[in-house]
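Working notes, structure below.
Derivation of every value follows stated rules applied to the coordinates shown; laboratory data play no part. No experiment lies behind these values; they were computed from the predicted model shown. Positions of Cβ are generated from backbone atoms using ideal geometry, with glycine treated the same way; all protein chains shown enter the neighbour counts.
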Amino acid sequence: MNRKLPLQERFNQFDEANPHLWRLFKEATFRAIRQGRTKLGAKRIAEDLRWDKQFHTSGTEFKICNDFVAYYARKFIAEFPQHEDIFELRRVQGDADDGPVRPQRTTDQQLSLF
């Protein structure tokens, strides 16, 4: 993976190459929600997946690059806006200083992750 690319672009490439990881992240998040959790840490979900699941990814030397975890939380909120408060989001490298942290709806109601 080209580390010279912006972080968001690297995440997009990784996510496209590893759709099974997104499925596992969603499953783990929904499992926690069904158990009554109202706040989650995306990092905790990533750590649990690393520890509990046998899977491989391509594109990085790690199963889940820590740099990408925040983007999975944002992707979850974008896809499931009814759970918009499940993850606390902070700015990540590459965010515009004055831009929104949470995914925003555009005028045509498409979700914009960043």
Study note, to complete from the structure: Neighbour-count ranking for His83, His20 (other C-beta within 10 angstrom, fewest to most) reads His20, His83
Practice item. Mind sorting Phe30, Phe76 by how few other Cβ atoms lie within 10 Å of their own Cβ, fewest first? Key: Phe30, Phe76
Exercise for review: Past 19 Å, Cα to Cα, is the threshold; run Lys43/Lys75; Lys4/Lys43; Lys39/Lys75 against it and keep the listed order.
Suggested key: Lys4/Lys43
